[in-house]
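J.: My structure is below; once you've seen it, I'll send some questions.
The values are calculated or read from the model by the stated rules, or taken from the named source; none is laboratory data. Worth saying up front: this structure is predicted, and the values here are computed from it rather than measured. Here Cβ is always computed from backbone atoms with ideal geometry, including for glycine, and neighbour counts include all displayed protein chains. With ligands, DNA and RNA removed, areas are computed over all heavy atoms of the protein, side chains included. Shrake-Rupley method; radii C 1.70, N 1.55, O 1.52, S 1.80 Å.
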Amino acid sequence: MTTREQFIRYIHELQDRICAGLEAIDGKATFVEDIWEREEGGGGKTRVLADGNVFEKGGVNTSKVHGPLPKTMQELFKVPESNFFACGLSLVIHPRNPYVPTVHANWRYFELYDNADKKLDAWFGGGSDLTPYYIFEEDGKHFHSTLKNAMQPFGDDLYPIYKQQCDEYFVNKHRENETRGIGGVFYDRLQPVDERDEQRLLEFQKANGNAFLPAYLPIVEKRKDTPYTEREIEWQEIRRGRYVEFNLIYDKGTTFGLKTNGRTESILMSLPPRARWCYDHHPQAGSKEAELLEYLKPRHWA
């Protein structure tokens, strides 16, 4: 079985596992599946849930697409006219309770071919990151430590490198370099040097995917019943606005999906159901809301 076939099988199994775990902790909402096809080649399985006890909106999507690489992506990858294959799982979960953080993750595999269908290149990418609205240091430590432990068997140096890449990627530069959340790990274009290395990177990718539920669900369980008021909802919506800004301005996955004629509904499922923008908003000094802003910069977690 090729790496491509192995990874497709894995992301579908992981999609089932993550959806089951989220449904179990929500206790009300269930995922609705939408199978779609892409005119140029391929398609995907979009799964969304809404209006749950715990999760206000969420999506766990898989896709496998192929065809001619658009000229805009040729320029981005600095390659001539080419064909591509891409598959992956992408998820974003927006909880109802402001004390439960939003979470994002994706794991993907990409192959590039010449016009004679000879494989020219291949790489893995992905990561997970956490976007809280209120800070609990133990939650950040748990999330980061779980990701670090998943990477540890593949090299002691990997977590620090990929944590830094996450800190540098999920940044709203137009907001005075404010990070989107408290980070996690992010890696891109991990290119295998040979077949053995390709298998190692596949196992690395699986280890990261398998770490998602243990990293996130204990935090949800701990915070989902915390009492809150309209004040916390307002702050949650303001911070969701910053989330929207990043996804629409900077996110590479959004750009890639839209420029390769991906399914718009699936690509934009990452956006929250509600958000707000208040002119020149600043939280009250010394408040829990102001405390969050002190954590929206790189720091040591694990």
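J.: Quick check on the stretch 142-196: of everything there that is more than 30 Å from L120 (Cα to Cα) and part of a strand (DSSP E or B), which residue is farthest from the chain's Cα centre (by Cα)?
T.: E178
J.: Follow-up. So E39 passes all but one of these: (1) farther than 19 Å from H104 by Cα; (2) open to solvent by 10 Å² or more (accessible area, probe 1.4 Å); (3) in a helix (DSSP H, G or I). Which condition number does it fail?
T.: All conditions pass for E39, except number (3).
J.: Ok, one more. Any residue in the stretch 90-101 that is in contact (Cβ under 8 Å) with a residue 24 or more places away in the chain sitting within a Cβ distance under 8 Å of a residue that is open to solvent by less than 10 Å² (accessible area, probe 1.4 Å) and among the basic types (K, R)? List the pairs, counting only those 6 or more apart or interchain.
T.: Listed pairs, sorted by first residue: H94/R240.
J.: Report, by residue number, each residue of the stretch 109-141 that is touching a residue at least 60 places away in the same chain (Cβ under 8 Å), charged (D, E, K, R) and assigned to a helix (DSSP H, G or I).
T.: Residues satisfying the conditions are D139, K141.
J.: Please specify each residue of the stretch 2-20 satisfying the condition of being among the polar types (S, T, N, Q) and assigned to a helix (DSSP H, G or I). Can you show your working first?
T.: Narrowing the stretch 2-20 to residues among the polar types (S, T, N, Q): 2-3, 6, 15.
Those that are among the polar types (S, T, N, Q) and assigned to a helix (DSSP H, G or I): T3, Q6, Q15.
J.: Take the residues in the stretch 71-89 that are touching a helix residue (DSSP H, G or I) at 6+ places or on another chain (Cβ under 8 Å) and assigned to a loop (DSSP other than H, G, I, E, B); name whichever of them is most open to solvent (accessible area, probe 1.4 Å).
T.: Among those that are touching a helix residue (DSSP H, G or I) at 6+ places or on another chain (Cβ under 8 Å) and assigned to a loop (DSSP other than H, G, I, E, B), it is E81.
J.: Anything in the stretch 44-61 that is without any contact (Cβ under 8 Å) to a residue 40 or more places away in the chain and on the phi < 0 side of the Ramachandran plot? List them, or say none.
T.: Result: K45, R47, L49, G58.
J.: In contact with a helix residue (DSSP H, G or I) (Cβ under 9 Å, 6 or more places away or on another chain), in a helix (DSSP H, G or I) and surrounded by 13 or more Cβ atoms within 10 Å (Cβ to Cβ), is that true of E237?
T.: No: the conditions fail for E237.
J.: Here is a further query. Output the number of the condition that F256 fails; it satisfies all remaining conditions of (1) open to solvent by 40 Å² or more (accessible area, probe 1.4 Å); (2) outside any helix (DSSP H, G or I).
T.: (2)
J.: Does any residue of the stretch 274-285 turn out to be more than 28 Å from L69 (Cβ to Cβ), among the aromatic types (F, W, Y) and surrounded by 15 or more Cβ atoms within 10 Å (Cβ to Cβ)?
T.: Checked the stretch 274-285: no residue is more than 28 Å from L69 (Cβ to Cβ), among the aromatic types (F, W, Y) and surrounded by 15 or more Cβ atoms within 10 Å (Cβ to Cβ).
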